[in-house]
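Trainee: Starting off with a structure, shown below.
The values are calculated or read from the model by the stated rules, or taken from the named source; none is laboratory data. Just so it is clear, the model here is predicted, and its values are computed rather than measured. Virtual Cβ from ideal backbone geometry, glycine too; neighbours counted across all protein chains shown. To get the accessible areas, we keep the full protein, side chains included, count just its heavy atoms, and leave off ligands, DNA and RNA. Shrake-Rupley method; radii C 1.70, N 1.55, O 1.52, S 1.80 Å.
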Amino acid sequence: MSFHSLKLIDPLLQTLSALGYDKPTPVQQQSIPAVLAGRDLMAAAQTGTGKTAGFALPLLQRLTMEGQAAPQSVRCLVLAPTRELAEQVYESFRKYGSKLPLRSAVAYGGVAIEPQVTKLRKGLDVLVATPGRLLDLHRQGAVGFQQLQTLVLDEADRMLDLGFAQDLDALFAALPPQRQTLLFSATFPEAIRALAGKLLSDPVTVQASPVNAAAKTVRQLVYTTDKKSKPELFLHLLRAQRWGQVLVFAKTRKGVEQLVGLLKAQGASADSIHGDKPQPARLRALERFKAHEVQVLVATDVAARGLDIHALPLVVNFDLPTVAEDYVHRIGRTGRAGAEGNAVSIVCADEVELLRAIETLTRQVLPREEIAGFEADHRVPSTGAGPAGTKAAAPRGAKAVSQEVSRDPRGIFGAPAAQTKGAKRDKAAAPAQDKARGAGRQQGPVGPGVTAGPGGAKQRGPGTPGGTGPAAGLPKGAVFVTAGRGAKSAAKVAAKSAAKAMARGGRSPGGRSGKR
Ligand code: AMP
């Protein structure tokens with residue numbers, strides 16, 4: 001199916017072709033005809049499915065074909081839960097509508113209201129807004145809804161989670177009853193179904209992917225460890241697995257800042273996004289991360305929705321989310337629009353109930369691994385969650401202990417987004433380094449999906465992101481050490497001393513500097 005066959009007008013087709021969108025995604029194939037026909041829509045579309053274009057393209061077309069906005073009124077209103085998502089949806093409307101004579105704007109709290117009032121004065125074809133600020137604008141008389149044709153609720157479940165139910169009710173009461181309503185939600189708890197029942201009239205239902213399921217293209221893995229070891233394990237993985245651009249989620253604002261402080265102290269480029277930061281600083285951090293000027297972005301769940309970061313390879317849950325649905329949203333930042341992604345969760349015994357909730361919600365048992373030197377003294381119990389049959393993915397008690405050693409000559413923290421480059425350089429540097437470090441270790445073949453070397457290696461668990469074995473995901477040329485007889489304790493000692501060296505900000509074993 002082509003965009004052309006969806007009967008989109010020429011200016012939109014030209015824009016899509018310039019953007020390199022060859023064909024509509026499944027959610028676009030379903031939603032574009034329905035929205036063009038003026039139907040209400042209830043869409044279970046998770047992030048990364050192309051859902052924004054799924055509603056923006058047909059709405060832009062309808063707005064172009066059907067009149068123009070009167071002063072202080074809005075023809076199409078898109079409600080979004082967070083400022084970040086509002087910005088992003090607004091940017092999408094601007095991008096897709098760049099060849100159309102339409103006026104659009106975005107409005108959210110935390111910034112001055114006056115410029116938003118000024119923009120509204122002439123009237124808008126599209127307004128993207130968060131509920132609280134929109135209500136303020138409406139109460140001030142800055143915006144009227146008498147011309148409203150279409151209401152879009154984007155990430156409706158998140159809006160309810162964030163406590164916008166009352167604001168939404170007040171807004172719905174101000175909207176004309178005759179309108180088109182589109183409801184997008186990643187999850188469909190009872191409250192969303194009730195909202196849909198109230199707002200939608202004979203809706204077309206669109207389901208782009210199973211409800212509450214994470215994108216199939218995201219490989220998920222849990223590393224179990226003790227709570228106190230989390231920061232060191234994170235640093236170890238960042239170095240040993242040579243992570244490139246990584247989005248990290250932590251539970252609290254304080255936790256976010258602590259991790260950023262630790263990373264910076266170790267020479268990594270890191271920044272944060274959370275609710276305590278002023279909006280311009282949050283947007284700047286996001287822009288720098290997108291531009292690969294910052295390698296690690298640490299966020300609270302405020303950033304979990306809506307962030308569209310092109311080809312983001314890895315999301316890390318430094319803490320598991322307290323609301324299981326947020327796990328789906330967090331890991332939905334990677335593996336977008338069919339691209340492959342990895343999601344790693346660092347889990348301690350305290351979090352077993354959160355893990356159980358996630359596994360129950362997503363109907364799977366997440367594969368687990370432990371890293372030598374960081375094994376949990378307080379074992380994370382099996383959750384017993386997930387449907388029958390999924391346990392095969394992570395045999396009860398399965399435990400793969402591995403220590404990956406990077407040959408990255410550039411230091412503990414590679415330059416942002418230099419993964420592939422780094423891998424090539426590593427390959428060239430490999431033989432000499434093998435010699436230097438080879439003694440007393442099993443060395444498996446290299447590359448993704450490769451299993452252990454000879455000598456009865458003990459790996460049994462599922463693989464690391466990037467393939468099926470513990471070596472998977474490592475760059476070509478990486479040395480992979482498995483736990484053969486006696487190797488576990490040796491590896492543990494080596495990893496502990498590496499972690500200590502990192503904590504001191506000094507050199508790790510193998511001569512790599514943490515502060516280049
Ligand atoms: P969304 O789920 O709306 O956040 O979109 C996820 C990403 O997919 C965005 O970066 C879009 O630019 C991209 N995208 C949307 N539709 C298409 C398409 N038909 N072909 C290729 N990329 C797309």
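Trainee: Please report the net charge: other residues with Cβ closer than 12 Å to the Cβ of Val35, K and R +1, D and E -1.
Mentor: Neighbourhood net charge equals +3.
Trainee: By per-residue mean of other Cβ atoms within 10 Å, what is the highest-first order of 310-318, 10-18, 149-157?
Mentor: Top to bottom by mean Cβ count within 10 Å: 149-157, 310-318, 10-18.
Trainee: Further question: Consider a paramagnetic label point 7 Å from the Cα of Ser2 along Cα→Cβ; state which residues of the stretch 14-47 have an amide N under 15 Å from it.
Mentor: Backbone N within reach: 14-18, 20-24.
Trainee: For a quick check: with amide H placed at 1.01 Å from N, whose amide H comes under 5 Å from Gln147's, ignoring anything fewer than 5 positions away on the same chain?
Mentor: So Gln147 has HN proximity to Val74.
Trainee: Continuing with this model, one more query. Counting heavy atoms of the protein chains only and a 1.4 Å probe, report the per residue accessible area for the stretch 4-207 as a whole number of Å².
Mentor: Solvent-accessible surface per residue comes out at 40 Å².
Trainee: Please find the FRET efficiency linking Arg363 to Thr322, where r is the Cβ-Cβ separation and R0 is fixed at 22 Å, and quote it to the nearest 0.05.
Mentor: 0.65
Trainee: I would also like to ask the following. ³J(HN,Hα) across the stretch 293-298 via Karplus (A = 6.51, B = -1.76, C = 1.60, θ = phi - 60°), whole Hz, x for Gly/Pro?
Mentor: Ordered by residue, 3J(HN,Hα) equals 7, 10, 7, 10, 10, 10 Hz.
Trainee: Another one. Using a 1.4 angstrom probe on heavy atoms only, work out the carbon and sulfur share of the accessible area of the stretch 4-207 in %.
Mentor: In the stretch 4-207, the share of accessible area belonging to carbon and sulfur is 50 percent.
Trainee: Then there is this: Once R0 is set to 45 Å, what does the formula 1/(1 + (r/R0)^6) return for the Cβ-Cβ distance between Glu340 and Gln146, expressed as a FRET efficiency to the nearest 0.05?
Mentor: It comes out at approximately 0.45.
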